[in-house]
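Data first, discussion second: the structure below is written as C-alpha coordinates.
The values are calculated or read from the model by the stated rules, or taken from the named source; none is laboratory data. No experiment lies behind these values; they were computed from the predicted model shown. For neighbour counting, all protein chains shown are included, and Cβ atoms are generated from backbone atoms with ideal geometry for every residue, glycine included. Surface areas here come from the heavy atoms of the whole protein model, side chains and all, with no ligands, DNA or RNA. Shrake-Rupley method; radii C 1.70, N 1.55, O 1.52, S 1.80 Å.
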Amino acid sequence: MGASWGGLNAYSRILSCLPERFPAAIMLVQHQNASADNRLAWLLSRYCRLPVVAPNDKERIRAGHVYVAPPGYHMLVNADDTIALTVYRPVHFSRPSIDELFFSAGHVYGKNVIGVVLTGANEDGSAGLDYIRRRGGLTLAQSPPSSEAPVMPEAAIALGAVREVLDLERIGPFLAKIRSEDGVPE
(Lines give C-alpha, C1' and ligand atoms only; values in the text may rest on other atoms or scores of the structure.)
Protein backbone atom coordinates (compact mmCIF):
# COMPACT_ATOMS: atom_id res chain seq x y z
CA MET A 1 0.00 0.00 0.00
CA GLY A 2 1.13 3.51 -0.64
CA ALA A 3 -0.01 6.91 0.58
CA SER A 4 1.18 10.45 0.97
CA TRP A 5 -0.90 13.39 2.21
CA GLY A 6 -3.65 11.97 4.44
CA GLY A 7 -1.97 8.58 4.75
CA LEU A 8 -1.98 8.26 8.54
CA ASN A 9 -5.76 8.55 8.63
CA ALA A 10 -6.20 6.17 5.69
CA TYR A 11 -3.81 3.56 7.07
CA SER A 12 -5.29 3.67 10.58
CA ARG A 13 -8.79 3.11 9.23
CA ILE A 14 -7.72 0.23 6.96
CA LEU A 15 -5.52 -1.54 9.51
CA SER A 16 -8.21 -1.36 12.20
CA CYS A 17 -10.37 -3.66 10.03
CA LEU A 18 -7.85 -6.48 9.66
CA PRO A 19 -8.24 -9.64 11.74
CA GLU A 20 -5.59 -10.81 14.20
CA ARG A 21 -4.76 -13.82 12.00
CA PHE A 22 -4.48 -11.98 8.71
CA PRO A 23 -2.81 -14.46 6.33
CA ALA A 24 -0.65 -12.09 4.27
CA ALA A 25 2.17 -9.63 4.85
CA ILE A 26 1.36 -5.96 4.43
CA MET A 27 3.95 -3.46 3.28
CA LEU A 28 3.26 0.25 3.64
CA VAL A 29 4.95 3.27 2.14
CA GLN A 30 4.11 6.67 3.55
CA HIS A 31 5.83 9.68 2.02
CA GLN A 32 7.79 11.35 4.78
CA ASN A 33 10.87 13.49 5.13
CA ALA A 34 14.14 11.56 5.48
CA SER A 35 14.84 13.39 8.74
CA ALA A 36 11.48 12.39 10.28
CA ASP A 37 11.62 10.26 13.38
CA ASN A 38 10.71 6.62 12.92
CA ARG A 39 7.45 6.63 14.90
CA LEU A 40 4.97 5.81 12.12
CA ALA A 41 5.06 2.07 12.85
CA TRP A 42 4.40 2.78 16.53
CA LEU A 43 1.52 5.14 15.69
CA LEU A 44 -0.09 2.63 13.33
CA SER A 45 0.29 -0.22 15.84
CA ARG A 46 -2.27 1.57 18.02
CA TYR A 47 -4.92 0.85 15.36
CA CYS A 48 -3.94 -2.67 14.37
CA ARG A 49 -4.14 -6.16 15.88
CA LEU A 50 -1.11 -7.27 13.83
CA PRO A 51 2.55 -6.58 14.67
CA VAL A 52 3.57 -3.32 12.97
CA VAL A 53 7.30 -2.73 12.48
CA ALA A 54 9.82 -0.56 10.68
CA PRO A 55 11.90 -3.40 9.23
CA ASN A 56 15.64 -3.87 9.10
CA ASP A 57 17.50 -4.59 5.89
CA LYS A 58 17.36 -8.32 5.03
CA GLU A 59 14.52 -8.95 7.50
CA ARG A 60 12.39 -11.95 6.53
CA ILE A 61 8.85 -11.12 5.35
CA ARG A 62 6.27 -12.91 7.47
CA ALA A 63 2.54 -13.27 6.95
CA GLY A 64 0.41 -11.44 9.49
CA HIS A 65 2.93 -8.61 9.91
CA VAL A 66 2.80 -4.99 8.76
CA TYR A 67 6.06 -3.48 7.49
CA VAL A 68 6.36 0.31 7.34
CA ALA A 69 9.10 1.79 5.16
CA PRO A 70 11.44 3.81 7.36
CA PRO A 71 12.05 7.49 6.54
CA GLY A 72 14.77 8.02 3.94
CA TYR A 73 14.79 4.46 2.58
CA HIS A 74 13.08 2.72 -0.30
CA MET A 75 11.62 -0.59 0.88
CA LEU A 76 11.90 -3.40 -1.67
CA VAL A 77 11.02 -7.09 -1.79
CA ASN A 78 13.78 -9.62 -2.55
CA ALA A 79 13.20 -12.98 -4.25
CA ASP A 80 14.26 -14.78 -1.05
CA ASP A 81 11.29 -13.26 0.86
CA THR A 82 13.37 -10.63 2.62
CA ILE A 83 13.19 -6.85 2.67
CA ALA A 84 15.85 -4.61 1.12
CA LEU A 85 16.24 -1.05 2.34
CA THR A 86 17.99 1.17 -0.19
CA VAL A 87 18.93 4.81 -0.62
CA TYR A 88 18.58 4.95 -4.41
CA ARG A 89 17.56 8.29 -5.83
CA PRO A 90 14.15 9.66 -4.82
CA VAL A 91 11.24 8.82 -7.13
CA HIS A 92 8.66 11.59 -7.61
CA PHE A 93 10.73 13.49 -5.00
CA SER A 94 10.05 10.71 -2.49
CA ARG A 95 12.17 8.24 -0.62
CA PRO A 96 10.53 5.95 0.33
CA SER A 97 8.76 5.53 -2.99
CA ILE A 98 5.56 3.60 -3.57
CA ASP A 99 6.58 2.79 -7.15
CA GLU A 100 9.82 1.15 -5.98
CA LEU A 101 7.96 -1.13 -3.55
CA PHE A 102 5.31 -2.02 -6.14
CA PHE A 103 7.85 -2.80 -8.89
CA SER A 104 9.77 -5.17 -6.62
CA ALA A 105 6.67 -6.84 -5.14
CA GLY A 106 5.14 -7.28 -8.60
CA HIS A 107 8.36 -8.77 -9.92
CA VAL A 108 8.75 -11.25 -7.05
CA TYR A 109 5.13 -12.22 -6.35
CA GLY A 110 3.31 -11.52 -9.65
CA LYS A 111 -0.35 -12.51 -9.42
CA ASN A 112 -0.13 -12.94 -5.64
CA VAL A 113 0.17 -9.20 -4.98
CA ILE A 114 -2.54 -6.73 -4.12
CA GLY A 115 -1.39 -3.17 -4.76
CA VAL A 116 -3.30 -0.32 -3.14
CA VAL A 117 -2.85 3.38 -3.93
CA LEU A 118 -4.33 5.71 -1.34
CA THR A 119 -4.61 9.45 -0.83
CA GLY A 120 -1.71 11.63 -1.95
CA ALA A 121 -0.65 14.71 -3.84
CA ASN A 122 1.64 13.33 -6.57
CA GLU A 123 1.75 10.47 -9.09
CA ASP A 124 3.95 8.04 -7.11
CA GLY A 125 2.47 4.56 -7.15
CA SER A 126 0.77 4.75 -10.56
CA ALA A 127 3.52 3.14 -12.64
CA GLY A 128 4.21 0.49 -9.99
CA LEU A 129 0.52 -0.30 -9.66
CA ASP A 130 0.28 -0.70 -13.42
CA TYR A 131 3.23 -3.12 -13.28
CA ILE A 132 1.42 -5.20 -10.64
CA ARG A 133 -1.67 -5.23 -12.88
CA ARG A 134 0.37 -6.38 -15.88
CA ARG A 135 1.90 -9.17 -13.78
CA GLY A 136 -1.60 -10.43 -12.91
CA GLY A 137 -1.93 -8.91 -9.43
CA LEU A 138 -5.02 -7.21 -8.06
CA THR A 139 -4.95 -3.41 -8.06
CA LEU A 140 -7.03 -1.08 -5.93
CA ALA A 141 -7.27 2.66 -5.50
CA GLN A 142 -8.99 4.78 -2.92
CA SER A 143 -11.84 6.67 -4.53
CA PRO A 144 -10.77 10.27 -5.15
CA PRO A 145 -13.83 11.73 -3.33
CA SER A 146 -12.87 9.78 -0.17
CA SER A 147 -9.22 10.94 -0.39
CA GLU A 148 -7.81 13.91 1.50
CA ALA A 149 -5.59 14.51 -1.55
CA PRO A 150 -7.02 12.86 -4.70
CA VAL A 151 -4.05 13.30 -7.09
CA MET A 152 -2.43 9.92 -6.42
CA PRO A 153 -5.51 7.74 -6.90
CA GLU A 154 -6.64 9.88 -9.85
CA ALA A 155 -3.26 9.35 -11.55
CA ALA A 156 -3.46 5.56 -11.09
CA ILE A 157 -7.04 5.48 -12.38
CA ALA A 158 -6.17 7.67 -15.41
CA LEU A 159 -3.28 5.34 -16.27
CA GLY A 160 -5.65 2.35 -16.36
CA ALA A 161 -3.74 0.65 -13.54
CA VAL A 162 -6.72 0.12 -11.23
CA ARG A 163 -9.14 -2.80 -11.23
CA GLU A 164 -11.19 -1.72 -8.20
CA VAL A 165 -11.91 1.81 -6.93
CA LEU A 166 -13.20 1.75 -3.36
CA ASP A 167 -14.17 4.38 -0.83
CA LEU A 168 -11.76 4.44 2.12
CA GLU A 169 -14.22 2.75 4.49
CA ARG A 170 -14.55 -0.22 2.09
CA ILE A 171 -10.83 -0.99 1.61
CA GLY A 172 -10.21 -2.52 5.07
CA PRO A 173 -13.24 -4.84 4.92
CA PHE A 174 -12.29 -5.84 1.35
CA LEU A 175 -8.77 -6.79 2.45
CA ALA A 176 -10.09 -8.55 5.56
CA LYS A 177 -11.69 -11.09 3.21
CA ILE A 178 -8.25 -12.47 2.30
CA ARG A 179 -8.23 -16.03 3.52
CA SER A 180 -4.96 -17.49 2.20
CA GLU A 181 -1.32 -16.51 1.75
CA ASP A 182 -1.84 -16.13 -1.99
CA GLY A 183 -3.52 -12.81 -1.18
CA VAL A 184 -6.75 -13.39 -3.06
CA PRO A 185 -9.93 -12.16 -1.34
CA GLU A 186 -12.68 -14.75 -1.15
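Tabulated data for the structure shown
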quantity: Cβ-derived FRET efficiency at R0 41 Å, residue 121 paired with residue 56, nearest 0.05; calculated: 0.90
quantity: Within-14-Å neighbourhood charge of residue 5 [Cβ basis; K, R +1; D, E -1]; calculated: -4
quantity: Percent carbon-and-sulfur accessible area, the stretch 108-165, ignoring ligands, DNA and RNA, probe 1.4 Å; calculated: 49
quantity: Kirkwood Rh in Å, taken over the stretch 1-155 so that all alpha-carbon pairs contribute; calculated: 15.1
quantity: Heavy atoms of residue 57: accessible area, 1.4 Å probe, square angstrom to 10; calculated: 80
quantity: Span per principal axis, largest first, for the Cα atoms of the stretch 81-186 (Å); calculated: 38, 35, 20
quantity: Chain lengthening between residue 80 and residue 169 when straightened (0.36 nm per residue, less Cα-Cα); calculated: 28.7 nm
quantity: Dipole axis of the stretch 47-177 (+1 Lys, Arg; -1 Asp, Glu on Cβ), positive-most option in 52, 63, 119; calculated: 63
